[in-house]
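The values are calculated or read from the model by the stated rules, or taken from the named source; none is laboratory data. None of the values given here were measured: they were computed from a predicted structure. Here Cβ is always computed from backbone atoms with ideal geometry, including for glycine, and neighbour counts include all displayed protein chains. Please note that ligands, DNA and RNA were not included when accessible areas were found on the heavy atoms of the full protein model with its side chains. Shrake-Rupley method; radii C 1.70, N 1.55, O 1.52, S 1.80 Å.
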There are 2 protein chains.
Amino acid sequence: MTEQRLTATYWIETAFPLAQAAATMGGEQSTGTFVRVPGETDELREAHAALVEEIVELGEVASPSLPGSGLPKSGDATRRAARVVLSWPMSNFGPSLPNLLATVAGNLSELKAFSGLKLIDLKLPPVFLDRYQGPQFGVAGTRQLTGVYDRPIIGTIIKPSVGLSPEATADQVRGLVEAGVDFIKDDELQSDGPHCPFDARVSAVMRVINDHAERTGKKVMFAANLTGEIDEMLSRHDHVLAEGGTCVMASMNSIGLPAMKVLRAHSQLPIHGHRNGWGMFGRSPAIGMSFVAYQKLWRLAGIDHTHVNGIDNKFCEPNDSVIASARECLTPMFDAPHPGCEVMPVFSSGQSARQAAPTFAALGSVDCMFAAGGGILAHPGGPAAGVRALRQAWDAAVAGVPVADAARDAPELAAALGAFAA
Amino acid sequence: MTEQRLTATYWIETAFPLAQAAATMGGEQSTGTFVRVPGETDELREAHAALVEEIVELGEVASPSLPGSGLPKSGDATRRAARVVLSWPMSNFGPSLPNLLATVAGNLSELKAFSGLKLIDLKLPPVFLDRYQGPQFGVAGTRQLTGVYDRPIIGTIIKPSVGLSPEATADQVRGLVEAGVDFIKDDELQSDGPHCPFDARVSAVMRVINDHAERTGKKVMFAANLTGEIDEMLSRHDHVLAEGGTCVMASMNSIGLPAMKVLRAHSQLPIHGHRNGWGMFGRSPAIGMSFVAYQKLWRLAGIDHTHVNGIDNKFCEPNDSVIASARECLTPMFDAPHPGCEVMPVFSSGQSARQAAPTFAALGSVDCMFAAGGGILAHPGGPAAGVRALRQAWDAAVAGVPVADAARDAPELAAALGAFAA
């Protein structure tokens with residue numbers, strides 16, 4: 001029986017011969033040492049060395065993307081980019097995400113042989129499922145809790161990011177639930193600041209949401225940002241649950257994978273994974289980690305939703321990257337019969353009725369959250385018209401009707417297209 | 001009474017007027033929204049907005065360091081670098097490291113106005129000490145446990161990184177303690193892999209260390225890599241303690257700040273904070289976080305030692321960055337009478353007797369760990385001579401004697417200088 005192996009794909013840039021550079025990566029992250037030591041036997045290397053599975057040259061590079069790289073002592077020093085695939089035997093670290101991280105994203109980004117090195121993708125063997133629970137609710141569970149089927153969950157966010165009291169937050173939520181949104185989230189800057197304590201905010205917001213649910217039958221999902229220390233997060237989760245809430249939100253980079261695993265084991269609610277800070281990993285093409293790789297770690301740890309930015313967003317991320325991330329969230333991480341650990345991608349940032357059609361075309365699915373702030377609040381007909389316009393835009397997209405045609409019979413959509421110019 | 005504020009310093013690169021760019025950063029990370037919303041009152045902004053404290057222009061930049069940045073719609077679009085200092089009222093987030101992180105290192109690195117944005121430094125108000133314990137042992141406690149005073153703690157690492165069985169690890173430790181090292185650490189790739197389980201490894205290693213301590217009175221400090229899930233880390237800590245061990249090691253990026261806080265609260269041993277993966281944050285000058293800022297978060301959370309690379313190291317980090325990091329570890333984070341939370345910097349990577357004098361000159365202190373692998377094992381006279389040479393080199397550095405002069409009366413040092421050429 002072949003041992004399960006873990007595979008990682010990197011983009012690299014180096015002036016060293018590609019085979020040598022790839023071997024350096026594998027050595028640094030497995031059995032290798034700068035100076036060969038007596039314990040590094042052939043038998044040990046055979047059992048534990050990382051293997052170079054593939055090297056695909058991507059062309060020559062004129063100048064180094066990052067400072068601090070070295071040149072080979074002799075021979076050709078043409079700088080090249082390449083895609084490199086390495087694999088490791090699971091016996092090196094076992095199915096442990098923290099130790100996996102030290103292996104695939106540890107010291108190697110500081111290696112002198114490289115003027116660029118970015119983790120692009122990971123393929124984890126299913127043995128990780130023995131130890132990690134993956135998403136508890138995912139797409140289906142989130143649909144069940146919101147009662148929204150066959151279309152995106154229309155969401156929005158509490159703004160301003162910080163400064164509102166619990167009562168002012170609840171007032172804002174009142175307007176949003178009355179406008180017909182399916183989902184509302186805290187801003188990632190708002191967790192438990194002294195001016196807006198978590199418990200008081202959740203109690204105030206849930207009174208509004210529960211009241212609206214009693215009157216209308218529609219329970220809006222509120223992602224309460226419980227980011228904090230571990231004991232705080234667990235007790236905040238319990239408060240949300242006690243108040244009848246249906247979602248919690250945590251900033252992934254702020255809490256780390258082990259804390260997420262603890263939260264997942266404790267949680268009876270979907271976990272909305274906020275990726276703020278991901279720009280530090282993802283923005284440079286030459287260093288860090290793609291969101292495609294990154295989100296797999298968090299899905300396994302237990303998130304149910306995660307942010308992917310949006311088409312034509314107001315941040316710096318290009319559309320192809322947004323779409324690659326979003327599609328990945330809906331792509332199984334493991335082959336059947338194992339669970340795929342799919343999670344709901346959350347589109348946000350500058351989203352309006354204009355982005356429904358291109359988002360559907362690129363994603364090929366309505367299994368997403370589509371969150372708009374200004375795209376709802378700034379609609380000329382008011383927030384309720386803003387929500388209706390978004391639903392009309394998605395209905396048109398799914399029906400294959402051009403949005404301009406659909407707008408002829410949908411005044412809210414027509415107004416949105418006028419207000420939110422391309 | 002003025003409220004305590006938190007201050008963050010950034011390096012930025014932008015084609016927008018600097019004052020406007022800095023205001024965008026502050027707005028995104030406090031009260032601002034892309035579209036001004038009704039709740040954003042003047043009163044709320046006054047109480048909660050981030051303030052731009054300082055802008056220092058650093059000169060013009062020919063082309064954008066990172067892709068995806070935008071240009072101003074009108075006016076001058078000269079691209080400039082600058083240092084920008086922002087401050088936040090503590091009432092926005094309270095003394096919470098996870099929420100601090102979402103504020104100072106969250107979405108802002110994805111802002112379109114910037115073609116570079118890196119967190120350079122943080123100044124945390126002492127109110128954080130109400131909630132975080134800081135280092136338990138630090139420099140003084142580590143010296144007490146090792147019995148090493150008035151000179152650096154001479155350390156080394158178990159190599160190969162992975163593949164040794166518990167017994168093979170203990171055999172290697174036997175040679176190292178007999179050679180006279182003060183400190184030995186696991187490799188960051190080795191925690192609890194199936195071929196070398198943590199508990200068995202620690203038991204085997206501690207038998208050797210305890211036996212040596214009984215015979216010689218010298219208890220070598222072994223930093224056992226307990227990186228893993230939270231319950232695993234706590235139980236591994238207890239095993240180290242039960243076996244008479246005096247240190248545990250955790251990979252900071254792998255576990256996250258909340259897990260470190262839990263480990264610190266539980267620990268009766270110094271925590272060796274391994275920074276593997278920091279290259280993803282630190283290597284690009286245009287994105288991420290300096291180690292000067294980064295290590296403050298972890299010191300507050302409770303580490304006692306942390307890695308700073310070494311002078312003329314084998315990775316890509318330049319010496320000025322290494323020294324800035326190391327000095328910062330010994331610089332108080334808070335003014336007296338608050339504790340300074342100083343931690344021991346750990347020099348490593350390609351270190352030998354040659355680096356003692358320049359390291360001492362730059363650090364101005366012997367309060368450090370000085371770790372060598374090949375610099376000990378590959379000494380022509382064997383590992384014991386390697387350790388002696390390192391101590392001779394540091395003695396000379398502290399006495400102000402040029403290393404070549406000192407080598408005349410110190411054959412091990414002379415041999416080291418011959419073997420480890422510049």
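Details
- Condition check for B:ARG151: basic (Lys, Arg), assigned to a helix (DSSP H, G or I) and over 30 Å from B:SER96 (Cα atoms): no
- Residue among A:SER115, A:SER109 that is closer than 25 Å to B:SER349 by Cα, among the small types (Gly, Ala, Ser) and either open to solvent by 10 Å² or more (accessible area, probe 1.4 Å) or more than 8 Å from chain B (Cβ to nearest Cβ) (or both): A:SER115
- Filter result for the condition that a residue is modelled with pLDDT of 95 or more, out of contact with any helix residue (DSSP H, G or I) (no Cβ under 8 Å at 6 or more places or on another chain) and not charged (D, E, K, R), over B:ALA404, B:ALA361, B:ALA371: B:ALA371
- When segment A:310-327 is filtered for residues that are open to solvent by 60 Å² or more (accessible area, probe 1.4 Å) and in a loop (DSSP other than H, G, I, E, B), the ones remaining, listed by number, are A:ASP312, A:LYS314, A:PRO318.
- Among residues of segment A:197-207, those that are surrounded by fewer than 22 Cβ atoms within 10 Å (Cβ to Cβ) and part of a helix (DSSP H, G or I), counted: 5
- The number of residues in segment A:144-179 that are open to solvent by 20 Å² or more (accessible area, probe 1.4 Å) and in contact (Cβ under 8 Å) with a residue 60 or more places away in the chain comes to 8.
- Enumeration of residues in segment B:201-238 that are hydrophobic (A, V, I, L, M, F, W, C), closer than 14 Å to B:ILE184 by Cα and under 27 Å from the mean Cα position of the chain (by Cα): B:VAL202, B:VAL205, B:MET206, B:ILE209, B:VAL220, B:MET221, B:PHE222, B:ALA223, B:ALA224
- Of all residues in segment B:287-304 being open to solvent by 10 Å² or more (accessible area, probe 1.4 Å) and farther than 22 Å from B:GLY116 by Cα, the one that is nearest to the other protein chains (Cβ to nearest Cβ): B:TRP298
- Selected residue (only one of B:SER91, B:SER87 is more than 8 Å from every other protein chain (Cβ to nearest Cβ) and surrounded by fewer than 23 Cβ atoms within 10 Å (Cβ to Cβ)): B:SER87
- First in segment A:64-83 and at positive phi, second anywhere and not hydroxyl-bearing (Ser, Thr, Tyr), Cβ under 6 Å, 6 or more apart: A:GLY68/B:CYS316
- B:GLN136 being open to solvent by 10 Å² or more (accessible area, probe 1.4 Å), more than 8 Å from chain A (Cβ to nearest Cβ) and without any contact (Cβ under 8 Å) to a residue 24 or more places away in the chain: no
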